[in-house]
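The values are calculated or read from the model by the stated rules, or taken from the named source; none is laboratory data. In this text, all values refer to a predicted model and were calculated from it rather than measured experimentally. Cβ sites come from the backbone with ideal geometry, for glycine too, and all protein chains shown count toward neighbours.
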Amino acid sequence: MIVHLALFGYLCLSGYRAIEKKRGSKEGSLLSSDSLKEQIADNEKGFYDKQMLQMYDSAKNDSDGNISTKIAQDNFDAVNNREIKSAAIALALAAATPLSPLFAIASLPFILYASRRVIKESFDLAKKGQFRVETIISTIIIGTLLLGQLFIASFATLLYKLSLKLTSKIIHQSKQQLTETLLQTPESVWILVDGAEVSLPFNDIEIGHIVVVHAGDTVPVDGLIESGMATIDQHILTGESIPVEKTVGDEVFAMTLILSGKLHIKVNCRTSESNAAKITQLLNQTADFKSGVQLQAETLSGKLVNPVIGTSLVAMPLVGFGGALGILACHPGNSLIGIAPITTLKHISAASKQGILIKDGRTLELLKSVDTVVFDKTGTLTDEQPYVGQIHCFTELSQNEVLRLAAAAEFKQTHPLAKAILAAARQRELTWPAPNECEYRLGYGLIVVVDGVTVRLGSRRFMVAERVAIPPELAPLEEQSHTAGTSLVLVAVADQLVAAIELRPSLRPEAKRVITELKRRKTVAQIYIISGDGETATRELAKTLGVDGYFAEILPQNKAAIIQQLQQQGRSVCFVGDGINDAIALKRAQVSVSLAGASKIATDTAQVVLLDRGIEHLTSLFELADHLNKKMDRLFKIMLTPSLMGASSVLFLGTGVTAVLYLCSLGMIASIGYVLLPLPKQLTPPKNRTLPQLD
């Protein structure tokens, strides 16, 4: 009895240590997404990962030489489904053994077919001196066959194969859900056939079709404009806020939005080769798309292998060969690896419904350790559209007269500076005439004729190029503007500089509230701002938002160095940025967040994209991560309980592998039931909430 108690105590202690090691590695180390990827190195891959890699190797290449993920997934599912059917047939035949011994004999080849790959894997591991979950599964199957318990052998095989199918389905659904959330491809499009518009399923589009796209619609294909003219918002691809005008002969891209006009677009590439398809490939190439909790489950499962095998060998003289197999069956591998991804999927799904696109499932795990949040100022804490501050007049013209002329010049422009000037004019209830003539010089300014008078609007460089005299009053204003982090738009009338309009960055309305909520979190110790603006402006912004620190006058290439500096101080960093120059910093941070509408390289690099183009749901992301990690801790305990009960029944009641497998199956059912419980209301959006769109 003392030996039995000692063995049971050893199993309990091993389970406790495995959970504590999991918890310690989560909280005590600063893992980037790259270091987590290293945990899935080849010598740490589970059976599912290795089989998927084999399917990739056998998959045919597409026309670009890229390996087809879908073919690999389909191949794996097809093979696993055949093995599930084989195990189910074996189970049915074995159950009919009391009717005739021939049924038992008939079930044997089906069992061997269904288990052949996992048995081969366990032998390959044994040659390397390694023992994993596959070793335990194979030993149970072979051992029960030797004992003549064909029903139990087929049941164990079926249980294992079903867990693999569940894992495969969860990962596939996760990728598919993210792709559909991001792309939002239409079910059908309108094409031109003999002068008439005809509806055609999206998947049936071919090269040469003429697709008709109206104002307000998203361009569904890449192609060339055959006829028409339109203003197109391409920010989803370029991150630029200024729409572009396109006409006959110009190229247009899938996922861009037509703001005005109508186009006939000739398709020049297959839908699988469009920009939309490239984003799909990006998602499919996300490192194995393994969630942090799935890695936890595999780590915990792996750490229990040796203690379970050791206990089984020591207990064999006491409980017999059948009892030893029962102790092996106590290992919770099927439950841990098969069920853990389900709860991740539920939280990723809840995130997508709130406008949070999680591209890497490990992000929710990494957020647990984040203690420092760093915001890039421009574009994340500020809106793209500034607002008019002071209007500095150099002549007898009043502020309203200057603003009226500026609004007339910018009347037909759609970039953020023009919108700011027009908004200020409307706020003052001013009216302005349409310009008679207009010349736009990209990057410099505007020349318009208003009421017969030439008005110039633009930068100092533009005014100098136009030979407009610069008054001495402008120099101190420019220095003050640089210090304050604002910009000046100069206004000249009839070759005389009459005013300078100050444009100030607009703080996002939710910025202060979000930062306040983050500061309330016990895990977030520091919040910083990175800005290229001067010391004074950045300090004032930091004071307004109540952050813990700031980095001013930072060159774009130095942002990543700041993230690295914080990490060297022992910080785990979440970086929020949206620009092309934020990409390296996003890659460096433990968790990276960008906004829809940001530069393409930023949204490609970031692990999380906030689809509403603001930081409104950043706190929701942290709350989802908290709930997921707490639920996983409880889930691991629920999964281990049947295993410990099974071990105690073998050691103290003399039960065998049959009772343990049944008990563990009931535990798996209970775990699935717990995982499928609905999330708290605060983590799920209202049913009538309109989901944000990337376009």
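If you go through segment 492-506 one residue at a time, how many are over 17 Å from ARG460 (Cα atoms) and crowded, with 18+ Cβ neighbours inside 10 Å? Going through segment 492-506 one residue at a time, the tally reaches 2.
Take the conditions surrounded by 16 or more Cβ atoms within 10 Å (Cβ to Cβ), among the small types (Gly, Ala, Ser), modelled with pLDDT of 90 or more and assigned to a helix (DSSP H, G or I) and apply them to ALA406. Does it pass? It is true that ALA406 is surrounded by 16 or more Cβ atoms within 10 Å (Cβ to Cβ), among the small types (Gly, Ala, Ser), modelled with pLDDT of 90 or more and assigned to a helix (DSSP H, G or I). In the set ALA78, ALA106, only one residue is modelled with pLDDT under 90 and more than 21 Å from LEU325 (Cα to Cα); that residue is ALA78.
If you scan segment 400-424, which residues turn out to be without any contact (Cβ under 8 Å) to a residue 24 or more places away in the chain and within 22 Å of LEU477 (Cα to Cα)? Don't jump to the end; show me each part of the working.
Of segment 400-424, the ones without any contact (Cβ under 8 Å) to a residue 24 or more places away in the chain are 401, 418, 422.
Correct list: GLU401, ALA418.
Return yes or no: is VAL388 in contact (Cβ under 8 Å) with a residue 40 or more places away in the chain and part of a helix (DSSP H, G or I)? Taking the combined requirement at face value, the residue does not satisfy it. Within segment 113-142, the set of residues being farther than 22 Å from LEU666 by Cα, assigned to a helix (DSSP H, G or I) and not charged (D, E, K, R) comprises TYR113, ALA114, SER115, VAL118, ILE119, SER122, PHE123, LEU125, ALA126, THR135, ILE142.
Among the residues of segment 545-567, those that are among the β-branched types (Val, Ile, Thr) and closer than 19 Å to THR605 by Cβ comprise ILE554, ILE562, ILE563.
Here is a check on your reading of the model: is LEU488 more than 30 Å from the chain's Cα centre (by Cα) and surrounded by 14 or more Cβ atoms within 10 Å (Cβ to Cβ)? Spell out the reasoning first.
On the way: more than 30 Å from the chain's Cα centre (by Cα): yes; surrounded by 14 or more Cβ atoms within 10 Å (Cβ to Cβ): yes.
Judged against the criteria, LEU488 is a match.
Taking segment 188-235 on its own, how many of its residues are in contact with a Cys (Cβ under 7 Å, 6 or more places away or on another chain) and touching a residue at least 60 places away in the same chain (Cβ under 8 Å)? Counting residues in segment 188-235 that are in contact with a Cys (Cβ under 7 Å, 6 or more places away or on another chain) and touching a residue at least 60 places away in the same chain (Cβ under 8 Å) gives 1. Determine whether segment 337-357 contains at least one residue that is in contact with a strand residue (DSSP E or B) (Cβ under 9 Å, 6 or more places away or on another chain) and charged (D, E, K, R). No: segment 337-357 contains no residue that is in contact with a strand residue (DSSP E or B) (Cβ under 9 Å, 6 or more places away or on another chain) and charged (D, E, K, R). Of the residues making up segment 337-367, those that are touching a Gly at 6+ places or on another chain (Cβ under 8 Å) and either among the acidic types (Asp, Glu) or surrounded by fewer than 21 Cβ atoms within 10 Å (Cβ to Cβ) (or both) number 1. In the set (1) buried (at least 16 other Cβ atoms within 10 Å of the Cβ); (2) out of contact with any Cys (no Cβ under 9 Å at 6 or more places or on another chain); (3) more than 30 Å from VAL450 (Cβ to Cβ), the condition left unmet by PRO509 is number (1). Taking the criterion of being without any contact (Cβ under 8 Å) to a residue 60 or more places away in the chain and over 27 Å from LEU555 (Cα atoms), the only residue of segment 497-515 that qualifies is ARG513. Within segment 455-496, how many residues are free of Cβ contacts under 8 Å to residues at least 60 places away in the same chain and within 15 Å of THR395 (Cβ to Cβ)? Final tally of qualifying residues: 11. Out of the residues in segment 235-270 that are modelled with pLDDT under 75 and surrounded by 20 or more Cβ atoms within 10 Å (Cβ to Cβ), which is farthest from PHE202 (Cα to Cα)? Among residues in segment 235-270 that are modelled with pLDDT under 75 and surrounded by 20 or more Cβ atoms within 10 Å (Cβ to Cβ), the one farthest from PHE202 (Cα to Cα) is GLY239.
Does ARG467 qualify as being surrounded by fewer than 14 Cβ atoms within 10 Å (Cβ to Cβ), touching a helix residue (DSSP H, G or I) at 6+ places or on another chain (Cβ under 7 Å) and either more than 30 Å from THR619 (Cβ to Cβ) or not assigned by TED's automatic domain parsing to the domain that holds LEU545 (or both)?
Working: surrounded by fewer than 14 Cβ atoms within 10 Å (Cβ to Cβ): yes; touching a helix residue (DSSP H, G or I) at 6+ places or on another chain (Cβ under 7 Å): no; either more than 30 Å from THR619 (Cβ to Cβ) or not assigned by TED's automatic domain parsing to the domain that holds LEU545 (or both): yes.
Considered against the rule, which asks whether it is surrounded by fewer than 14 Cβ atoms within 10 Å (Cβ to Cβ), touching a helix residue (DSSP H, G or I) at 6+ places or on another chain (Cβ under 7 Å) and either more than 30 Å from THR619 (Cβ to Cβ) or not assigned by TED's automatic domain parsing to the domain that holds LEU545 (or both), ARG467 comes out as no.
Evaluation of LYS127 against the conditions (1) modelled with pLDDT of 90 or more; (2) of a type in the set (Lys, Arg); (3) within 27 Å of ALA324 (Cα to Cα) shows that the sole unmet condition is (1).
Show me the strands (runs of 3 or more DSSP E) found entirely inside segment 528-644 where at least 3 residues are under 18 Å from the mean Cα position of the chain (by Cα). Quick ask: steps written out before the conclusion?
Numbers: elements: 549-551, 573-576, 591-595, 608-610.
Passing ranges, in order: 573-576, 591-595, 608-610.
For the residues ALA525, ALA542, ALA537, the requirement of being farther than 30 Å from THR256 by Cβ, of a type outside the set (Val, Ile, Thr), touching a residue at least 40 places away in the same chain (Cβ under 8 Å) and out of contact with any helix residue (DSSP H, G or I) (no Cβ under 8 Å at 6 or more places or on another chain) singles out ALA525.
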